[in-house]
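First the structure, in the form of structure tokens, and then the observations on it.
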Amino acid sequence: MRFLHLTIIRLSLCFLTGIALGFALSIDSLISRSTFGVVLILFFLSFFLSSKIDLCKVIFWFFSHFLTFCIGFQIAEWDKIIHQSDHYVHHIKEEYHSVEASIQNDFKDTDYYRKFLLSIHRVDDKEVTGKALLQIPKKFMFDSLSIGDHLMFNTKFQKFRKAQNPSLFDYPEYMAHQDILRYVNLEKGQQLIIQRNDHFHVLRFAEELRQRIGTSLTKAGFEKHQVNLIKALILGQKEDLERSTYQKFADAGIVHILAVSGLHVGIVLMILQYVFSFFDRINYGKYIKLFFVLCFLWSFALMAGFSPSVVRASLMFTLFAFGFNLLKRRSDTLNYLAISMILILLFYPKMIYQVGFQLSYTAVFGIVMLYPNMIKLYKAKYTLDQFIWSVICVTISAQLAILPLALYYFHQFPGLFIIANVLVIPFLGIILSAGFIAIGLSLLEVIPSFLVKLIGWILDALLLVTDTVAQYDQFLIKYIYFDDIMLILSGMALLLFLIYQRSYQKRLLLISGCLVALLLLYYHRVQPDRFPQKAFVFHEIAHSHLGFAQGQTLHIFSNDSSLTTSDYLIRNMQMKYGKKQVEINSLENFYRLNEDKKLVIIDEAGIYKKDWIKGNIVLLRNSPKINLNRLIDYQPYQIIADGSNYTSFVKRWQETAKEQNADFYSTADDGFWEYSIKK
């Protein structure tokens, strides 16, 4: 089979490219719509003329692909908030508004806030649309709120703040990709009118079911960590898992089993196919079997709360079930994959930004393209080694396919991922089956104690294997530097290599090899120990942290004696800049940045000399009582105020600096300060 001769695959790639460029580019809507209209007309003209003129067949081929690209581009354009005139962000100001909204779904809570996703219906006197995040402090929690409840209150819409320290996670961008552009806070004493929705709501039913499952499992006698593991494996609720447990799964290379997505849905489909296989022996049994399989498959999706990953996987495997049970065609896996992707992006084009979406489709694509050739490399003689080899092939195929994305997002590589997956994946069907049995019988309150112990042993065995593999941290390669250019080069090289596995076109392998060589050359030119050195002033309330990225080492200077290398700030810096070593020292008064510039620190003592200031960068920390006008007269290059200062001091300094036309930088307002040190 020649990969690029599959029409649906080619069209899906054009559609995907159109959506990606539609979000990335800003083009006048009149121009984009006019182009779409012209291409649509030319498409139909070439279609009608293709049966009469041979040249028009080629033209029709071109415009069919270009039209698919334009459809993707136009869908992305329509999905942009700027083109939605009734969206609430176009009708709000930085003031309080009267708001009517309904609770659309629960959101992941934090230690301090209970969160809900709101669907906004009215702002003041205007009917609007759009989503916002509702935050309610747990200590001021109102009466219990449920999905579907209608709320009326006065509030001020607030923008999500960008990370104030170097971060790989851009929270405002993450929320924007879910069409959530603002958040609102409700505090104790604030008036909130709640209209209960007693009508059936599918998401509320799913949430109540998940809560009931957790209660019934605890009542049945399962230990707390076992209940949390079942909820993570079956329901996708990872919030209650201990952070250390989750990290062990990540270090072992099997964290994907905690994300209810394609792997879980695929195993559930296999279990259902086996359970209902007896229908194959009766007339029209394949239709009855398909009906029950899909009913239970989507019931599982409901139980998991219809999360995007579960819906995505359920749709994909629904197409597989139709193909396998009715059409009996297993060679169209790529087509099923492409169709499910198109259907999802048609209704939710921003899904293209979600890491789970990218990883799951990339993994399945890698398995489909690479597994058939890899499985032939070893001729298994026995059932056991054949099974183990097939698991190894699937694991390597998926891991290789997602490798560029995994390095880009997570900056680490689990060296023992094959061993961990071989030990866990073959038994995941048993583990999931045990989890379903535990849930079903505990809900019915008929689960015997011996079964509770048996299922508990199975879950504990999973934790034991994970903990054992994760202990060999010397095989976990951390803090791998991987930037945008490296992602593009490696992704293109891998895509061409995977296509070569099915098309056997040697030129694809040659181009792939050239891209790998270019990737190695690029890394050699910009490898971490050759990066321009950088200096940082971080934002931390009540503390001062300075950082210097030099070679393979990150030097941290701080007045916080409790700061360790395991701190989130430091680990994040290591991942972002690919630093292997970290050194933590106490703060000093002077730091030389280059030959003509120093970083001078003025602390609470407020002591400094005139010749320290001119042409240098001054950091004010711990609220020094100084005359800023006099300091500015000494001509500093720049003045910085970090998070250790009182807010009132910083505001006063800002006003003075503005009057004197001095360069003033506040980490509280602008986030961390960064400076490139010239060698």
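What to note about this one:
- Restricting the stretch 334-354 to residues that are buried (at least 19 other Cβ atoms within 10 Å of the Cβ) and of a type in the set (S, T, Y), the residue that is modelled with the highest pLDDT is S340.
- Summed over the stretch 458-480, the residues that are assigned to a helix (DSSP H, G or I) and either surrounded by 15 or more Cβ atoms within 10 Å (Cβ to Cβ) or more than 26 Å from the chain's Cα centre (by Cα) (or both) give a count of 15.
- Looking at the stretch 610-679, the strands (runs of 3 or more DSSP E) lying wholly inside it that each contain 2 or more residues that are at pLDDT below 90 sit at 673-677.
- Looking across the stretch 370-428, just one residue is aliphatic (A, V, I, L, M), surrounded by 18 or more Cβ atoms within 10 Å (Cβ to Cβ) and not in a helix (DSSP H, G or I), and that is L416.
- Considering residues of the stretch 98-140 that are β-branched (V, I, T) and over 24 Å from D86 (Cα atoms) only, the residue farthest from the chain's Cα centre (by Cα): I136
- Only one entry of F73, F44 meets the criterion of being within 30 Å of T7 (Cβ to Cβ) and crowded, with 17+ Cβ neighbours inside 10 Å, and that entry is F73.
- Residue count, the stretch 98-112 (criterion: in contact with a strand residue (DSSP E or B) (Cβ under 7 Å, 6 or more places away or on another chain) and either within 13 Å of E127 (Cα to Cα) or surrounded by fewer than 16 Cβ atoms within 10 Å (Cβ to Cβ) (or both)): 7
Condition check ((1) under 31 Å from the mean Cα position of the chain (by Cα); (2) part of a helix (DSSP H, G or I)) across all residues:
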| site | (1), (2) |
| --- | --- |
| H256 | yes, yes |
| V260 | yes, no |
| I271 | yes, yes |
| D280 | no, yes |
| N283 | no, no |
| Y287 | no, yes |
| C295 | yes, yes |
| W298 | yes, yes |
| A301 | yes, yes |
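- Hey, L563 surrounded by 16 or more Cβ atoms within 10 Å (Cβ to Cβ) and assigned to a strand (DSSP E or B) or not: no
- Segments classed as helices (runs of 4 or more DSSP H), wholly inside the stretch 152-241, with at least 3 members that are surrounded by 15 or more Cβ atoms within 10 Å (Cβ to Cβ) and out of contact with any strand residue (DSSP E or B) (no Cβ under 7 Å at 6 or more places or on another chain): 202-220, 224-235
- Condition met for G262 (at pLDDT below 75 and out of contact with any Cys (no Cβ under 8 Å at 6 or more places or on another chain)): yes
- Looking only at residues of the stretch 437-464 that are β-branched (V, I, T) and touching a residue at least 60 places away in the same chain (Cβ under 8 Å), we find that the one that is farthest from L521 (Cα to Cα) is I447.
- Some residue of the stretch 489-503 being in a helix (DSSP H, G or I), more than 30 Å from T215 (Cβ to Cβ), more than 27 Å from the chain's Cα centre (by Cα) and not hydroxyl-bearing (S, T, Y): yes
- Members of the stretch 481-490 that are touching a residue at least 60 places away in the same chain (Cβ under 8 Å) and surrounded by 17 or more Cβ atoms within 10 Å (Cβ to Cβ): Y481, F482, M486, S490
The values are calculated or read from the model by the stated rules, or taken from the named source; none is laboratory data. What you see is a predicted model, and the numbers here were worked out from it, not measured in a lab. Every residue, glycine as well, gets a Cβ built from its backbone with ideal geometry; the counts of neighbours run over all protein chains shown.
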